[in-house]
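Below is one structure, written out as structure tokens; the observations come after it.
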Amino acid sequence: MFRPHSGQRRVPAAATGGLPLPEPDLPRIVTVGDSHSQRCFEDHPLIADSTRLAGCNRMDGRTAYNVIRHDRRIRKILAPLADRHLIFVFGEVDVRIHIKYQARKRGVTAGTLIRETAERYIGYVAGLRAEGYRIHVFNVVPTGDFSTPEALRWRSRLAYPFLASRAERTRYTEEMNRCLAACCRERAIPFIDIYRHLVDESGLRRDELVYDFSHLNSRTADLVMAHHDFEVNGHWAPHPHATGPPAIRGV
């Protein structure tokens, strides 16, 4: 039996040698990623959100495109979690701010940058899986409503220009998910594809799932558990020369 998390707990760095340690009752499924890895899964009895690793989210605001730049930080997070299923959650930050901005800056199409982002991200994940980490890639969540007063206050503090309309962000998200699915399929990486369960008939976020102008709430975790089989999709297939952890069964 897994017990619901009753509150965040910060682990003193001195007590862990600077590395995060999982709680004794941490579920067998743990999320790692940007802020959506917290909001979509917090306080869930079967999936531990990223704040429970060390009392904070160490990957907040990071992009899928540049995930390899944060390899050292990611490995510190993963070190005590080698025997668990891991959900990687990246990509919404790319869609929200960087796709249109970087496409214009580099003089390439948004589609080109989306494909490049997916290939870089999944290539990095493939390397970690070859070492034995049981990583499942979560689809990019549907874009939010950034026209609310709260969102406008947030936008006023951005270092980057906020260029893409909601319709553009929706197209970017859908294309990113198609590219992620294709890259994962090519590399036999489990892809958690529940996007159609996160949006309504108009393609916008379902009202009951909205946390704030950007994030979905933890009902998302229930949908993941309902539509993704971690046992079937979480097989451990290491590279022939890898020395990763042994396979486990079940969650």
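Worth a mention:
- Dipole orientation for the stretch 26-231: of the candidates Tyr133, Thr220, Tyr65, Tyr65 has the Cα lying most toward the positive pole (charges on Cβ; Lys, Arg +1; Asp, Glu -1).
- Relative contact order, percent, the stretch 30-165 [alpha-carbon distance under 8 Å, six or more residues apart]: 27 percent
- For Cys184, Cys56, order by how many other beta-carbon atoms lie within 10 Å, fewest first: Cys56, Cys184
- Mean Cβ neighbour count within 10 Å, used as a protection proxy, ranking 95-101, 200-206 highest first: 95-101, 200-206
- For the stretch 26-231, a simple Cβ point-charge model (Lys and Arg +1, Asp and Glu -1, everything else neutral) yields a dipole of about 960 debye relative to the Cα centre.
- Antiparallel DSSP beta bridges within the stretch 26-231, as percent of all bridges there, nearest 5: 15 percent
- Residue separation of Thr112 and Asn66 scaled by 0.36 nm, minus their Cα-Cα distance, works out to 15.0 nm of gained length.
- Placed amide H near Asn139: partners under 5 Å, 5+ positions off or other chain: Ile192, Ile194
- Fewest-first ranking of Leu209, Leu216, using other Cβ atoms within 10 Å as the exposure measure: Leu209, Leu216
- Square roots of 5 times each gyration tensor eigenvalue, C-alpha, the stretch 88-240, largest first, Å: 27, 20, 13
- Separation of alpha-carbon centers, the stretch 26-56 and the stretch 165-206, rounded to whole Å: 21 Å
Each reported figure results from applying straightforward, stated rules to the coordinates on display, with no laboratory input. What you see is a predicted model; the values in this text were computed from it and never measured. Here Cβ is always computed from backbone atoms with ideal geometry, including for glycine, and neighbour counts include all displayed protein chains.
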